[in-house]
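Novice: Could you have a look at this structure, given as structure tokens, before my questions?
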Amino acid sequence: MTPIDLAALLLRGIVGFTMLAHGWNHVFGGGKLAGTERWFASLGFRQARLQALVASYGELMFGTLLILGLLTPLAAAGVFGTMTVAFVSNHRPNGYFIFRPGEGYEYVLALAVVAAALGALGGGGWSLDDAVGFDADGWAGLAIVVGVGGLGAAWTLAAFWRPERPDRSPG
């Protein structure tokens, strides 16, 4: 195992586990899927039930694929897109630090950048990608993550996100 294989394994493991745990919590924890739906609606998503389902089960799927190292650039693209939507729709206006009211964007930014790095690294030597001969890393892997994830995020926001506009009336 090379140092790059080890780095890919560690990054896939922590990001995969984080996404898996996050999706699990959306579906089975706290307010369950209904609570996740209410949260999406509060952010201004018009199809909150659909968004809750897609985001939650997507996180479960992306996390599992990353842990296995299977279709790593596509799984990382899912993480990148999900974190981009979270950045724009919820965290961006709250500043950098997550401990600020409304939660800043340091967490989602870190996950998005690590997802992009995983695209460039690829699955590594200890992955199902390597076992089946799927080799998409370097610039191609990075392009898949940023392109597919970025387009998915842009489409999701354009199609479904309608936040309330601040009242600008005099008064």
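Novice: Which one is surrounded by the fewest Cβ atoms within 10 Å (Cβ to Cβ), of the residues in region 146-171 that are at pLDDT 95 or above and of a type in the set (Gly, Ala, Ser)?
Specialist: Within region 146-171, the match that is surrounded by the fewest Cβ atoms within 10 Å (Cβ to Cβ) is ALA158.
Novice: Go through ALA8, ALA75 for me and flag whichever is part of a helix (DSSP H, G or I), of a type in the set (Gly, Ala, Ser) and under 20 Å from GLY150 (Cβ atoms). Explain how you work it out, then say what you get.
Specialist: Values: ALA8 fails: under 20 Å from GLY150 (Cβ atoms).
Result of the check over ALA8, ALA75: ALA75.
Novice: Which condition number in (1) at pLDDT 95 or above; (2) assigned to a helix (DSSP H, G or I); (3) more than 13 Å from THR156 (Cβ to Cβ) is the one that LEU50 fails?
Specialist: Looking at each condition in turn, LEU50 falls short on (3).
Novice: Go through region 94-171 and tell me which helices (runs of 4 or more DSSP H), entirely inside it, have 1 or more residues that are in contact (Cβ under 8 Å) with a residue 40 or more places away in the chain and of a type in the set (Ser, Thr, Tyr).
Specialist: Values: elements: 106-121, 128-132, 138-160.
Counting at least 1 such residues, we get 138-160.
Novice: Still on this structure, please answer the following. Take the residues of region 1-55 that are touching a residue at least 24 places away in the same chain (Cβ under 8 Å) and among the polar types (S, T, N, Q): which is nearest to PRO163 (Cα to Cα)?
Specialist: Among residues in region 1-55 that are touching a residue at least 24 places away in the same chain (Cβ under 8 Å) and among the polar types (S, T, N, Q), the one nearest to PRO163 (Cα to Cα) is GLN47.
Novice: To continue, here is another question. Would you mind stating whether ASP129 is surrounded by fewer than 16 Cβ atoms within 10 Å (Cβ to Cβ), over 15 Å from the mean Cα position of the chain (by Cα) and among the charged types (D, E, K, R)?
Specialist: Details: surrounded by fewer than 16 Cβ atoms within 10 Å (Cβ to Cβ): no; over 15 Å from the mean Cα position of the chain (by Cα): yes; among the charged types (D, E, K, R): yes.
It is false that ASP129 is surrounded by fewer than 16 Cβ atoms within 10 Å (Cβ to Cβ), over 15 Å from the mean Cα position of the chain (by Cα) and among the charged types (D, E, K, R).
The values are calculated or read from the model by the stated rules, or taken from the named source; none is laboratory data. If you're wondering where the values come from, they're calculated on a predicted model, not measured in any experiment. Note: ideal-geometry Cβ built from the backbone for every residue, glycine included; neighbour counts use all protein chains shown.
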